[in-house]
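Asker: Got a structure for you, questions after.
The values are calculated or read from the model by the stated rules, or taken from the named source; none is laboratory data. All values reported here derive from a predicted model rather than from experimental measurement. Quick reminder, even Gly has a Cβ in these numbers, built from the backbone with ideal geometry, and neighbours come from all protein chains shown. Surface areas here come from the heavy atoms of the whole protein model, side chains and all, with no ligands, DNA or RNA. Shrake-Rupley method; radii C 1.70, N 1.55, O 1.52, S 1.80 Å.
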Amino acid sequence: MSFGKKNTTLKVFVLLSIFILSFFAFNFLGMETAQAQPIPIPEIEWQDEEDPEALVGFLQLLLAMAVLTLAPAFVVLMTSFTRIVIVLSLARNAMATQQTPPNQVLVGLALFMTFFIMFPRIEQINENAVQPYLEGEIAQEEAFDEGLEPLREFMLDHTRDQDLALFVEMADMEDPPESREEVPTHILVPSFVISELKTAFEMGFRVFIPFLIIDMVVASTLMSMGMFMLPPVIVSLPFKILLFVLVDGWHLIVRSLLESFV
């Protein structure tokens with residue numbers, strides 16, 4: 001009976017505490033709400049509704065904000081970033097080290113390698129498009145075309161003909177391009193991406209082969225010894241890390257990636 005009374009007393013105490021805390025919380029929230037001031041919302045008004053230049057400037061501002069929003073997609077899909085980050089991720093999966101190195105390290109390394117590979121193109125964009133536009137020598141449309149040209153050359157150099165032909169055929173253009181240089185950018189970008197994906201998986205497959213051999217040897221050895229309950233991954237992991245360190249694996253992978261863009 002005493003145990004039941006203690007339980008009842010505990011329940012009453014808990015309910016009373018919840019009621020008191022709720023009472024003070026609601027009062028506090030009510031006071032804060034009463035003291036809060038409405039946030040002023042700025043209104044956009046045209047100085048001259050009949051002036052088309054004001055509308056054009058506003059649309060250009062919106063376009064610039066949209067470009068900045070899509071900048072990460074441009075970096076990922078129009079540079080060497082895709083191939084690099086996929087190969088590095090496949091190398092980590094081949095070693096079966098879970099999240100070592102972590103994603104932040106792989107993405108950071110891929111970004112700096114992308115900057116290293118794309119640096120000559122960045123210099124061309126700065127010299128041919130950015131600086132002349134800032135000095136007022138060329139218009140915005142011409143600066144955009146001049147800045148896009150080095151990226152187009154890079155993508156054309158690393159895009160397969162069959163991938164270009166696929167998107168040109170699916171686009172059903174009235175005047176098909178007669179050369180690779182005449183391919184529109186909206187067709188070139190997806191063609192370049194699928195070419196990069198294929199190249200990245202080919203390189204990743206070559207990275208997988210030595211680690212797969214180690215897994216097969218360890219699994220066969222454990223089965224011959226009758227150690228069926230011991231996961232082969234636990235035994236093979238130190239050997240794979242040792243092999244990767246002895247051959248300086250990261251140096252070889254990074255070197256292969258850099259040479260693939262030469």
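Asker: Are there GluC sites (Glu not before Pro) in the stretch 91-184 that DSSP marks as loop and that have at most 15 other Cβ atoms within 10 Å, and which are they? The partial results should precede the final answer.
Answerer: Numbers: sites: GLU123, GLU127, GLU135, GLU137, GLU141, GLU142, GLU146, GLU153, GLU169, GLU174, GLU178, GLU181, GLU182; in loops: GLU135, GLU137, GLU174, GLU178.
Sites meeting the loop and neighbour criteria: GLU135, GLU137, GLU174, GLU178.
Asker: Could I have the simple spin-label model distance between GLU169 and HIS251, label points 7 Å from Cα toward Cβ, reported in nm to one decimal?
Answerer: Between GLU169 and HIS251, the label points sit 4.6 nm apart.
Asker: Enter the per residue convex hull volume of the stretch 130-174, computed from alpha-carbon coordinates, in Å³ rounded to the nearest integer. Working shown, then result.
Answerer: Values: hull volume 3.6 nm³, N = 45.
It is 81 Å³ per residue.
Asker: Once you put a point 7 Å from the Cα of ILE209 and another 7 Å from the Cα of LEU70, both along the Cβ direction, what distance in nm separates them?
Answerer: Distance between label points: 4.1 nm.
Asker: Sort MET173, MET78, MET65 from largest to smallest accessible area, using a 1.4 Å probe on the heavy atoms of the protein chains. Intermediate values should be presented prior to the final figure.
Answerer: Working: MET173 60, MET78 20, MET65 105 Å².
Descending order: MET65, MET173, MET78.
Asker: Now, a different point. With labels modelled as points extended 7 Å from the Cα through the Cβ direction, what inter-label distance (nm, one decimal) is found for PHE112 paired with LEU61?
Answerer: Distance between label points: 3.9 nm.
Asker: Applying 1/(1 + (r/R0)^6) with R0 = 45 Å to the Cβ-Cβ distance of GLU259 and THR221, what FRET efficiency is obtained, to the nearest 0.05?
Answerer: 0.80
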